[in-house]
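For reference, the structure is listed below as structure tokens.
Rule-based calculations on the coordinates, nothing more; no lab input. Nothing here was measured: the structure is a model prediction, and the numbers come from that model. In this analysis, Cβ positions are derived from the backbone assuming ideal geometry, glycine residues included, and neighbour counts consider all displayed protein chains.
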Amino acid sequence: MKLSSYFLYLAFLFSLATFAQNTEADSLRISELNRPDRKYLEDQLFFNFTYIALKNLYPEVAQQGFSHSFSFGYIRDIPVNLRRNIGFGVGIGYERSIYYQNLKIDVDQNTGKITYEILDPQTYRINAFGIKQIIFPVEFRFRGSTSDKFKFWRLYAGMTFGYVLTAFSSFENEYISIKIRNLNAIPSKYQYGIHLYAGYAELNAYIYFGLNDLFSPEVKVDGKHVPMQDIRFGFMLTFL
């Protein structure tokens, strides 16, 4: 074989090898694009605003005014499938809730004991009971997301557990205004209920159904326990 023919043959083989390598690299890049990102997570910061409807009330206790709740926190995403659109979420947050109703919670100045009185709604301007708590949402998650799609629909359902930090009451009529803090014996220390929220992008409709009594067994009128539970309706903002 002539030397020139030999070099032409080597050049041809080199061209084939280079073409094969480029083709393989392109195939790998296409495969990477089509494969779900195994590091993708929908960890969330959330802000929740709700209206509170009271239920299972004592016969003479009635809701008054705009009871409401605000919470914020962080939820960790735990996908369970390759596409990563099904999974679980575990989070922590802070919540402040205010319940406007006609059960006055006060402290006797002589004995220091907490007293309870059912009021005529015409005799006051404001009567409220509130709690502040740490919340722990745990949920099942189903969504239409991908690793490069940041606006998608979601349907998340689960339970929210709460640990009450403190409680307070507020009363005001045309003559006096009273605010009492650290009423920690009033609420049940542990709160829990089921929640559901669904939406698209950052905005979600939200509902929470409380399963336990808001008040501890110590809350009594005429020797009978005064129960109270809540349902919340509102919206949740979620940010990746």
Practice item. Rank these for me by crowding, S147, S177, S97, going from fewest to most other beta carbons within 10 Å. Key: S177, S147, S97
Revision key, fill the gap. Ordered by fewest other Cβ atoms within 10 Å, a rough proxy for footprinting exposure, R143, R181 read R181, R143
Review point. Under unit Cβ charges (Lys, Arg +1; Asp, Glu -1), what dipole magnitude, rounded to 20 debye, does the range 81-240 have relative to its Cα centre?
Key: 840 debye
Revision key, fill the gap. Computed over the range 39-239, the relative contact order (Cα-Cα under 8 Å, seq sep at least six) in percent reads 21 percent
Exercise for review: Check each of the GluC sites (Glu not before Pro) in the range 140-207 and keep only those in coil by DSSP with at most 11 other C-beta atoms within 10 angstrom; list them in order.
Suggested key: E174
**Study point:** Cβ-based exposure ranking for H68, H225, in which fewest neighbours within 10 Å come first
**Key:** H225, H68
**Study point:** M228 long-range amide H proximity, modeled H, under 5 Å
**Key:** L214, F215
Practice item. Can you pull the one-decimal nm distance between simple spin-label points at I231 and L45, each 7 Å off the Cα toward Cβ? Key: 3.3 nm
Point to revise | Chain lengthening between F70 and I126 when straightened (0.36 nm per residue, less Cα-Cα) | key: 18.2 nm
